[in-house]
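The values are calculated or read from the model by the stated rules, or taken from the named source; none is laboratory data. What you are looking at is a predicted structure, and each value in this text was computed from that prediction instead of being measured. Cβ placement follows ideal geometry from the backbone for every residue including glycine, while neighbour counts extend to all protein chains displayed.
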Amino acid sequence: MVGGARRILSSVVASQLDTHAKYGGVVPELASREHLRAIVPVVAEALAQAGCGYSGLGAVAVTSGPGLVGSLLVGLTFAKALSFAHNLPLIAVNHIEGHIHAVMLEAESTGRPVEFPALALVVSGGHTHLFEVREGPHYRLLGKTRDDAAGEAFDKVAKLLGFGYPGGPVIDRLAPHGDPHAVRFTLARMKGNPLDFSFSGLKTAVLRWTQQRDLTAEIEARRALLRSNPRPSAEDWLAVTPPATLGLLASFQRTVIEELLRRASVCAGQIAARSLLVSGGVACNSGLRAAARALPLACPVHFPSPGLSTDNAAMIAAAAFGKLERGELSDYALMARANLPLA
Ligand code: KG4
Ligand code: ZN
């Protein structure tokens, strides 16, 4: 990332999906080991692609939380060593703040900068949060999930039905082939803060739907498909997924999207938002993108491109940029915090 107009010089992502797919979800111990194995080659590749060496760096930004502590520790230890060895400022970034900055960075580079106050909907495998974002930047939490995150719900439903991990991309590809009104789910009503989310009831409703039918043969057919081909095409999946299950997937996805956008619309009105930012892995979802763009909102909606929606290092650098300018630096006592709050 370079100054003036912020711009990405390189963005290298080491995917662990193949490692975790076998287990149907992220295995924390394996995640730490993969981080340890990947961090040196990934940083070397990022510097090579950017055409600069360590001497070309102005600071080191690192995620200090929230997240899996083992993985955070690998990043923190490496960042501290880099900062010490090359005498570079160390900047701690909150992972959620990174997701929000991915949108701001890209909006800036496409000539449609984000206007404040903005409403940020961060939807990933670990988070479903609504924040008011004001210049500063200042963040105010308006709502969050009480149980599962939206991405986690996609992953659990996919796993239950034999679609493997991660679930979001598969359900996204198959949902357009099913009837989104085939199954009627009741929407969650929240006691306390009506802007909080809950996806565990929906997950249980999907479980109940599957228990009322004998899906053993189709689920086994999908598991067999995954064993023979870890990356099936949409056509491969369609060959082992009957219309009733496609209808379930489409209805599930429609319900998640409605839950997300209903609360986002209310929040946007309440804070008189001048931009709506949607980010995190679930922001890749094409149904969510289409529905958000069709909302009758008084402000524009910004999504990052898919590569900047899922986890990446460029978003952490983007969030660190302003901190460097404001002198918000960290020292070597910086700790990893699994539940680090933003705001
Ligand atoms: O932001 P991210 O890469 O990692 C976390 O911080 O969690 O998000 C990963 C999550 C997974 O739950 C994955 O299923 C979901 O994002 N995801 C999607 C799509 N692509 C990834 N969910 C719905 N539709 C997608 N196209
Ligand atoms: Zn993330």
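Yes or no, residue by residue, for (1) closer than 20 Å to Gly111 by Cβ; (2) outside the structural domain of His35 (by TED's automatic domain parsing); (3) within 15 Å of ligand 2 (Cβ to nearest atom):
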residue: Leu277; (1), (2), (3): yes, yes, yes
residue: Ala290; (1), (2), (3): no, yes, no
residue: Ala318; (1), (2), (3): yes, no, yes
residue: Tyr332; (1), (2), (3): no, no, no
Inset, instruction - Could you check how many residues of the range 159-189 are within 14 Å of ligand 1 (Cβ to nearest atom) and part of a helix (DSSP H, G or I)? - result: 12
Legend entry - Set Glu108, Glu115: member being part of a helix (DSSP H, G or I), surrounded by fewer than 24 Cβ atoms within 10 Å (Cβ to Cβ), away from ligand 1 (no atom under 12 Å from the Cβ) and of a type outside the set (A, V, I, L, M): Glu108
Inset, instruction - Test Gly192 against the stated conditions and say whether it is under 20 Å from the mean Cα position of the chain (by Cα) and either part of a loop (DSSP other than H, G, I, E, B) or among the small types (Gly, Ala, Ser) (or both). - result: no
Legend entry - Residues (within 15 Å of ligand 1 (Cβ to nearest atom) and either buried (at least 21 other Cβ atoms within 10 Å of the Cβ) or among the polar types (S, T, N, Q) (or both)) located in the range 132-147: Thr145
Inset, instruction - Only one of these is in contact (Cβ under 8 Å) with a residue 12 or more places away in the chain, farther than 24 Å from Leu342 by Cβ and surrounded by 17 or more Cβ atoms within 10 Å (Cβ to Cβ): Gly24, Gly67, Gly51. Name it. - result: Gly24
